[in-house]
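One structure is given here, and the rest of the page talks about it.
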């Protein structure tokens with residue numbers, strides 16, 4: 001009954017396709033971030049399987065109904081069978097359903113890990129890994145391209161054929177912007193939630209968010225005392241950016257600051273133009289560091305134990321609580337100390353620090369050459 005209600009909802013809200021899916025060499029599972037993946041393959045070789053009500057294929061749906069196959073997984077498997085691709089690829093690495101998709105022996109199933117994942121925010125993925133590991137079951141994924149080796153080890157628990165470290169697939173594609181025009185950039189981690197809603201079983205949203213509020217107040221004070229503008233790179237899109245803007249406006253008040261809407265800017269160009277980038281534990285923060293930018297991490301939301309996977313560098317072992325560009329302390333004194341220290345570093349000092357840490361945190365494979373080399377055995381690239 002639940003499935004029938006879901007199908008009815010999709011029929012009412014999706015573009016309906018009545019023809020059989022076309023046969024293509026490349027099938028991209030899920031529209032999200034497919035634009036970048038498309039750039040590496042011939043246009044006529046590509047087909048996208050929509051999974052978020054963008055479209056619904058009635059031909060596939062009716063065929064499954066006749067065979068009494070009613071689940072989403074049944075629909076996706078039937079769709080893939082009709083397309084009969086050589087490569088099934090996706091960047092939705094936190095969706096257990098992709099790991100369950102069927103494929104034949106002549107097909108390659110490839111996953112690009114595009115985001116820093118943690119059990120706090122991606123519990124479905126990590127629960128799935130635990131279950132598969134406990135049962136010692138293999139998935140049908142051939143390659144997972146991971147952001148670093150330690151995250152790659154988590155994926156290896158799924159018994160995939162091969163895990164390859166490439167850093168950020170998306171960041172690797174974009175060239176570096178050399179002109180520095182932003183003094184201090186803060187990557188927003190703003191979110192909208194009820195204060196009493198649970199982040200974990202023992203932490204509510206208000207407690208969780210108060211750490212960020214305190215840090216932003218410290219940055220506002222720093223900007224005022226040092227006569228420097230603080231720029232905020234927004235996180236939210238469409239209907240939420242006004243609420244996010246108001247959140248920061250109430251804190252900065254009359255201080256000199258600027259807000260950049262995420263939808264109106266290339267995030268990589270923004271961090272590249274910044275003399276210092278500040279983040280909590282965002283993927284963009286790690287990407288900024290990977291690109292060589294001075295990037296400062298405030299590890300202020302990784303306690304109690306239920307939030308430990310939010311600590312700086314998780315799950316890399318042996319990382320101390322404080323380092324040359326990260327800290328756990330959330331006082332104004334510490335904010336002033338480490339921010340001033342990083343700002344005053346000369347290029348040589350920062351380059352030496354970057355060289356020491358970037359390979360373990362997030363290496364950079366410019367233009368995704370490793371990705372292309374791995375796939376070249378079963379696909380002829382055009383660029």
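The values are calculated or read from the model by the stated rules, or taken from the named source; none is laboratory data. All figures in this text were calculated on a predicted structure; none of them were measured in a lab. Every residue, glycine as well, gets a Cβ built from its backbone with ideal geometry; the counts of neighbours run over all protein chains shown.
Taking each residue of region 364-383 that is in contact (Cβ under 8 Å) with a residue 60 or more places away in the chain and looking for partners that are surrounded by fewer than 13 Cβ atoms within 10 Å (Cβ to Cβ) and part of a loop (DSSP other than H, G, I, E, B) with beta-carbon atoms closer than 7 Å, six or more apart or interchain, yields 372/381.
Of the listed requirements (1) in contact with a helix residue (DSSP H, G or I) (Cβ under 7 Å, 6 or more places away or on another chain); (2) on the phi < 0 side of the Ramachandran plot; (3) surrounded by fewer than 18 Cβ atoms within 10 Å (Cβ to Cβ), residue 58 misses just one: (1).
Kindly indicate whether any position in region 278-292 is more than 21 Å from residue 120 (Cβ to Cβ), in contact (Cβ under 8 Å) with a residue 24 or more places away in the chain and surrounded by fewer than 21 Cβ atoms within 10 Å (Cβ to Cβ). Yes, that holds for at least one residue. So which residues in region 200-243 are surrounded by 14 or more Cβ atoms within 10 Å (Cβ to Cβ), more than 23 Å from residue 310 (Cβ to Cβ) and at pLDDT below 90? If the condition is that a residue be surrounded by 14 or more Cβ atoms within 10 Å (Cβ to Cβ), more than 23 Å from residue 310 (Cβ to Cβ) and at pLDDT below 90, then 241 is the only one that fits. Note on region 337-360: among residues that are surrounded by 16 or more Cβ atoms within 10 Å (Cβ to Cβ) and farther than 25 Å from residue 148 by Cα, the one that is farthest from the chain's Cα centre (by Cα) is 345. For the residues 137, 177, 183, 150, the requirement of being touching a helix residue (DSSP H, G or I) at 6+ places or on another chain (Cβ under 7 Å) and either assigned to a helix (DSSP H, G or I) or more than 25 Å from residue 305 (Cβ to Cβ) (or both) singles out 177. Taking the conditions (1) closer than 30 Å to residue 372 by Cβ; (2) in contact (Cβ under 8 Å) with a residue 60 or more places away in the chain; (3) in contact with a helix residue (DSSP H, G or I) (Cβ under 9 Å, 6 or more places away or on another chain); (4) surrounded by 14 or more Cβ atoms within 10 Å (Cβ to Cβ) in turn, residue 70 satisfies each one other than (1).
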